[in-house]
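What follows is one structure encoded as structure tokens, with my remarks underneath.
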Amino acid sequence: MVNEIDVQSAFRRQFDGLRPAVAAFAPGRVNLIGEHVDYNDGLVLPVAIQLGTTVVAAPLSEPVIRAFSAPFNSFVEWPSTSQRQQDAESSTAAGHTGIPAAPIQPTSAWTRYVTGVLIELARESISIPGAALYIDSDLPVAAGLSSSASLAAAVALAICQLAGKSMGAGNMAQLCRRVERDHVGVPCGIMDPFAVLLAREHHALLLDCRDEKFSHVPLPSDFELLIIDSGLPRELSRGDYAERRRECTSALSLIRDRRPNIQSYRDIRMDELLDICDALPAPLNSRVRHIITEIERTKLAAKFLGDGDLTQFGRLLDASHASLRDDFAVSLPQIDELVELVRVQPGIYGVRLTGAGFGGCIIAAVNPDTTEAIEPNVRSSYDVKHGARSQILSALAGSPARILQLS
Ligand code: GLA
């Protein structure tokens, strides 16, 4: 987490001495296992991490939203003018105050999250006439650590606090998902906002994406999580993610044509998987094999983690990587190489690609006494060979999004 006192001082400098009124923090997340199954009614097992987005805000009497993003070094101002409110009287969603019209300056991607949150909150009758927002983050962007859900959740929490309203974490997670899907155009599942808003310190979140029920699995004391950023950025909206989603939907509809009793991937039993895959064309058969086996692995992984059986847990992480590489085809040769390199280091239980794939981060479950050797080994082989700048982050499972005390 960026030092919150520094963010408050930066807020004052940016907004001519204005006094901060609220501060909110939302973490990023890593998924331990259960990849590409959140949009297929599956189970996921993410943890919140300690890196994340901090938002400091104050109300403005003028009908304007001013926002500065420190990571993007970019300032945007939107009018929420009375003229606009008059214009909006006929439109239900825009009939509230605080909904930004077109920005005065050109937009960049982060601004769509801010406007998306303001619009979605206004639809829930939570709005403010005007506000100044200062956004800072220590999460690497496009690394698969969910910087976007973290941004949306931190802004939503800060605005709710400014408006003097509260919203349940589950509803806020749904709202953040709508922001990403409807205002930014990424057809993501529910895992990221739920992890960011509902995780618990020192625990993983076992979330059933079919009915949104969840429980917290305690992490054993001899477990350390390493996040290794491959240095290969990924871009979710680039199209690969959306293509995998389409493949999953097409495969399910072909399966339903033949077996009308199957309505969801969760209705497929392991013992019928072979027959179902045999009847599907490639590559849909492989995609289905990944989904069904990954849901099963996640169920088992949560149990082994809770029982403190890290050897079995690690084997499932390894199997998950193989499935993402061979069946779901979301890895890259360079990522596979990094995974194999880390897997042979001392004290490793298991290693896999995490997040959407096509670059980004890998994770390793590791014994805490043995982590020191890993970094120099990765630098001297992977970085040197690929001219990459990998980064190893040791991640303790952190707390969910929250309001911060102002100093
Ligand atoms: C991205 C999406 C998530 C999830 C993962 C893959 O992070 O935002 O909803 O689908 O990819 O597991």
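The values are calculated or read from the model by the stated rules, or taken from the named source; none is laboratory data. Keep in mind that this is a model prediction, so the values were computed, not measured. Please note: Cβ atoms are built from the backbone with ideal geometry, for glycine as well, and neighbour counts cover all protein chains shown. These accessible areas exclude ligands, DNA and RNA; they are computed on the full protein's heavy atoms, side chains included. Shrake-Rupley method; radii C 1.70, N 1.55, O 1.52, S 1.80 Å.
Points worth noting:
- Selected residue (criterion: farthest from the chain's Cα centre (by Cα)) from residues of region 159-176 that are under 14 Å from ALA26 (Cβ atoms) and open to solvent by 10 Å² or more (accessible area, probe 1.4 Å): GLN161
- Hey, GLY42 at pLDDT 95 or above and in contact with a Cys (Cβ under 6 Å, 6 or more places away or on another chain) or not: yes
- Residue among ALA251, ALA154, ALA158 that alone is touching a residue at least 12 places away in the same chain (Cβ under 8 Å), out of contact with any Leu (no Cβ under 8 Å at 6 or more places or on another chain), among the hydrophobic types (A, V, I, L, M, F, W, C) and part of a helix (DSSP H, G or I): ALA154
- Qualifying residues in region 33-48 (those that are within 10 Å of the ligand (Cβ to nearest atom) and closer than 11 Å to LEU207 by Cβ) - the one surrounded by the fewest Cβ atoms within 10 Å (Cβ to Cβ): ASP38
- Residue match in region 211-223 (condition: within 13 Å of the ligand (Cβ to nearest atom) and not small (Gly, Ala, Ser)): no
- Flag if ASP229 is within 14 Å of the ligand (Cβ to nearest atom) and open to solvent by less than 40 Å² (accessible area, probe 1.4 Å): no
- Test: LEU175 is within 16 Å of the ligand (Cβ to nearest atom), touching a residue at least 24 places away in the same chain (Cβ under 8 Å) and in a loop (DSSP other than H, G, I, E, B): no
- Residues that are in a helix (DSSP H, G or I), of a type outside the set (A, V, I, L, M, F, W, C) and open to solvent by 20 Å² or more (accessible area, probe 1.4 Å) were ranked within region 304-319; the one that is nearest to VAL366 (Cα to Cα) is THR311.
- Those residues of region 324-357 which are within 10 Å of the ligand (Cβ to nearest atom) and assigned to a loop (DSSP other than H, G, I, E, B), in sequence order: PHE328, VAL330, THR354, GLY355, ALA356, GLY357
- Looking only at region 369-390, residues that are assigned to a helix (DSSP H, G or I), open to solvent by 40 Å² or more (accessible area, probe 1.4 Å) and either at positive phi or acidic (Asp, Glu) (or both) come to 3 in all.
- Hey, PRO187 surrounded by fewer than 18 Cβ atoms within 10 Å (Cβ to Cβ) and within 12 Å of the ligand (Cβ to nearest atom) or not: yes
- Checking ALA301, ALA356, ALA322, ALA251 one by one, the residue that is hydrophobic (A, V, I, L, M, F, W, C), surrounded by fewer than 20 Cβ atoms within 10 Å (Cβ to Cβ) and assigned by TED's automatic domain parsing to the domain that holds ALA388 is ALA322 and no other.
Residues checked against (1) out of contact with any Lys or Arg (no Cβ under 9 Å at 6 or more places or on another chain); (2) at pLDDT 90 or above; (3) under 30 Å from ALA21 (Cβ atoms):
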| position | (1), (2), (3) |
| --- | --- |
| LYS299 | yes, yes, no |
| LEU305 | yes, yes, no |
| LEU316 | no, yes, no |
| LEU324 | no, yes, no |
| LEU338 | yes, yes, no |
| LEU341 | yes, yes, no |
| ASP369 | yes, no, no |
| SER399 | no, yes, yes |
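- Region 103-129, subset open to solvent by 20 Å² or more (accessible area, probe 1.4 Å) and small (Gly, Ala, Ser), residue nearest to LEU396 (Cα to Cα): ALA109
Residue-wise test of (1) open to solvent by less than 50 Å² (accessible area, probe 1.4 Å); (2) farther than 21 Å from PRO400 by Cβ.
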site	(1), (2)
GLU201	no, no
ALA204	yes, no
ASP211	no, no
SER215	no, no
SER221	no, yes
LEU225	yes, no
PRO233	no, yes
ASP240	yes, yes
ARG245	no, yes
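- Region 130-147 - residue that is open to solvent by 10 Å² or more (accessible area, probe 1.4 Å) and modelled with pLDDT of 95 or more and, of those, nearest to the ligand (Cβ to nearest atom): SER137
- Residue check, ARG246 without any contact (Cβ under 8 Å) to a residue 12 or more places away in the chain and within 16 Å of the ligand (Cβ to nearest atom): yes
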